[in-house]
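K.L.:
Sharing a structure here in structure tokens format.
The values are calculated or read from the model by the stated rules, or taken from the named source; none is laboratory data. Keep in mind it's a predicted model, so treat the numbers as computed, not measured. Here the Cβ positions follow ideal geometry from the backbone for every residue, glycine too, while neighbour counts run over all protein chains shown.
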Amino acid sequence: MTFSCAAGDMKCEYLRIVLEISHIMDSTYRSGVIGFAVDVSWVRHRDIHLLTVGRYTYTSDQRFEAIHSPHTEDWTLRIRYPQRKDSGIYECQISTTPPIGHPVYLTVVGKLQRH
């Protein structure tokens with residue numbers, strides 16, 4: 001899955017990367033896990049930085065936030081005011097045995113030129 005955004009674009013004040021965990025897990029895991037609570041973590045690959053676990057944010061960069069709507073399987077990594085340096089691979093990890101990970105590729109391009 002790939003996302004892109006233009007830094008400084010008003011439409012891109014914040015970037016939301018949303019994954020539904022049932023789309024990541026194959027049917028073997030879905031049948032046994034979705035009914036139970038699982039922890040979902042977001043990791044930035046560039047520096048192997050644990051950004052969030054559940055709704056708790058581990059990074060000091062306050063632009064990052066995990067969002068989970070109750071009674072859904074949607075987990076969102078929100079990045080406020082994305083910058084070029086935010087480009088790279090982010091991984092959504094689900095705490096199953098064995099753990100399941102799903103990479104997301106993010107590209108933040110430079111500011112759009114207005115003519």
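K.L.:
Which one is farthest from V40 (Cα to Cα), of the residues in segment 79-109 that are among the hydrophobic types (A, V, I, L, M, F, W, C) and surrounded by 13 or more Cβ atoms within 10 Å (Cβ to Cβ)?
P.N.:
Step one: of segment 79-109, the residues among the hydrophobic types (A, V, I, L, M, F, W, C) are 79, 89, 92, 94, 100, 104, 106, 108-109.
From the residues that got through so far, the ones that are surrounded by 13 or more Cβ atoms within 10 Å (Cβ to Cβ) too are 79, 92, 94, 100, 104, 106, 108-109.
Numbers: I79: 17, C92: 7, I94: 5, I100: 10, V104: 14, L106: 19, V108: 24, V109: 28 Å.
My answer is V109.
K.L.:
Return the pair list, or none, for Cβ contacts closer than 7 Å from residues in segment 75-89 that are within 20 Å of Y56 (Cβ to Cβ) to residues that are in a helix (DSSP H, G or I) and at pLDDT below 85, at least 6 apart or on different chains.
P.N.:
Correct list of pairs: W75/I21.
K.L.:
Sticking with this structure for a sec: Do you know which of the residues in segment 51-66 that are surrounded by fewer than 16 Cβ atoms within 10 Å (Cβ to Cβ) and either touching a residue at least 24 places away in the same chain (Cβ under 8 Å) or part of a loop (DSSP other than H, G, I, E, B) (or both) is farthest from the chain's Cα centre (by Cα)?
P.N.:
Once the filter is applied, the top-ranked residue is S60.
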